[in-house]
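See structure below.
Read the figures in this text as sums done on the coordinates, not as results from a lab. Note that the coordinates shown come from a computational prediction; the quantities given were computed from them, not determined experimentally. Here Cβ is always computed from backbone atoms with ideal geometry, including for glycine, and neighbour counts include all displayed protein chains.
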Amino acid sequence: MRFASMLKLALACAPWMLPAGEALAASAPSWEAAPPMSTPRAQHAASLLQDGRVLVVGGGPDAEIYDPASRSWEPTAPLGTVLGGALATVRLPGGEVLATDGASVAIYAPALDRWRSLPPPSIRVWNPSAVALPDGKLLVLGAFSNLSNTPSAVVGNLYDPASESWTVIQAPGPTLRAASVDAMLLDGGRVLVVAGNRSSIYAPEIDTWLRTVDRNVPGYVDQSATPLPGGDLLVVGSSSFVEQSEIFSEVYLRRLNRWVLTSLRITALLGEPCTQTPVEGISTSLLPSGKVLWTGGMTGDSCHVSSGPIGGGAPFDTDRVSILPAAWVYDPALVAWAELPRPPAGSSQPSVARAYHTSTLLDDGSVLIAGGYVHGDDPSSGTPVRTATAVLFHERTPRGAACAEDGDCASGFCADAVCCDAACAGPCDACARAAGASQDGVCTPLSGAACDDAGACRVGASARRAPASAARPRRTARPATVARCARRRARARAAPASRPLS
């Protein structure tokens, strides 16, 4: 295709194209199987609740919640509203969660475990994106057409909870067209909208669109957008203007109003006579370090074979779906991508090969990857099926695993040689089961024998012994407590003399 060749030449010569990465920083990312959902899902949506649980809705008739503390899934109250595929969710300031498929809208109240329906939007949108504005209103954007992979005009609806009514916002114009739309709230309440090879900023206070500079790659079919620390936006997607499936990523530098192409990677080359459709169904998630995790995606392979064992060498066609098995991490500091190590063949490690799944950053720094399309029992058939399986990605050592120092842990706390959910620095605290905790990684106040060394960590003080007349035995400080006391003494000696000791 002539356009594809011109595009590659333009990208190769672009002065703002930055190099791709080859290695991860010195960390120890890992994967862990999580309990499966009760319902196989794909094209669903997930939202982190204020209490740290994860609401998953869509891709099925019901909704359910994952609790990281108990590592279990529980169903929510019945939806009461039929929500189709390609959902969008957004957590509202009060803790409720809005879910919409572009035609129907429902709000979930976690404290009450209750769903309630909102009036339908004035204009139905496809592949929606939802944003909660600072004034309490809700903006739902999407494509006007339901034709798959066909660019369509972007339209939007604004919901006012005070009047419980929808208003159609001003159209951005014919230049903003896409099959997939992403939106990000900016400082000041304006919204950056990314669609196709263009982007615009919507100003709700004046119901006006402000044009931004065009993106480098035209014809995005499907994309995933992730806000970066500092206000920039990373977008990963695939274009329909190339003969083979290629994945592009760009960063919008908000202060410079410029799109920067960060990498270009050909995902697969089957060669003649096979062609591939653009990659769809990828998912990205911001990590605690400020890096971005990208997982999954799938592409259709269409092969026309002119000779072979079928029908005595007669031509035949074969169409199948390939699901990407790799996971990548983007480092904004290096402006580079690095592929994560894949599990060895036959390994018991969980597979991340899936598409149209969700990836949600949890409070402990892990990422919950749930559901999506996977290969069925017969991968050679190329027919994907929905899955209920879930996987946890740990950028750093997870809670309860062995550690040597605070920096090893996603939580930032290493106590009793395990990653802990809190500092757990008190002389009567324990975070390892071997030291008396309820479970590894959970800081537990010790009970039973009274603790008599409450003053052991004060400079110049000795461990306070229980009176001889007391009927309770003296508790000897554990080695981990002694080490924490030594660290406290060192910090106290380095602190100003007027600083009170803890």
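Values computed for the structure shown
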item	result
Proportion of all alpha-carbon pairs of segment 20-122 beyond 18 Å (%)	51
Computed label-point distance, nm, for sites Arg255 and Arg342 using a 7 Å Cα→Cβ extension	4.0
Extension gain, Ser438 back to Ala423 (0.36 nm per residue minus Cα-Cα distance, nm)	3.8 nm
Burial order of peptide ranges 164-170, 281-287 (average beta-carbon count within 10 Å, highest first)	281-287, 164-170
Gain on full stretching of the segment that runs from Ala333 to Asp67 - 0.36 nm per residue minus C-alpha separation	92.5 nm
Under Karplus coefficients 6.51, -1.76 and 1.60, residue-wise ³J(HN,Hα) of segment 189-204 in Hz, glycine/proline x	x, 7, 10, 8, 10, 10, 8, x, 9, 10, 9, 8, 10, 9, 9, x
In nm, spacing of pseudo-spin labels at Asp160 and Ser117 (7 Å Cα→C-beta vector)	2.4
Computed FRET value (nearest 0.05) for Thr383 with Ala326, which takes r as the C-beta separation and R₀ as 30 Å	0.90
J(HN,Hα) series, segment 207-214, from Karplus relation 6.51 cos²θ - 1.76 cosθ + 1.60, nearest Hz, glycine and proline x	6, 9, 9, 10, 6, 10, 5, 5
Potential lengthening between Ser38 and Asp363 on full extension [0.36 nm per residue; Cα-Cα distance subtracted]	114.7 nm
Volume per residue that the Cα convex hull of segment 332-448 spans, once the total is divided by residue count, Å³	163
Vicinal HN-Hα couplings computed from phi for segment 354-366 (Karplus, 6.51 cos²θ - 1.76 cosθ + 1.60; Hz; Gly/Pro x)	6, 8, 6, 10, 10, 9, 10, 6, 8, 5, 8, x, 7
Approximate spin-label separation Gln349-Arg211, in nm, with each point projected 7 Å along Cα-to-Cβ	4.8
Global geometry of segment 75-146, whether rounded, prolate or oblate, following the gyration tensor of its Cα atoms and the 1.5 cut on a/c	oblate
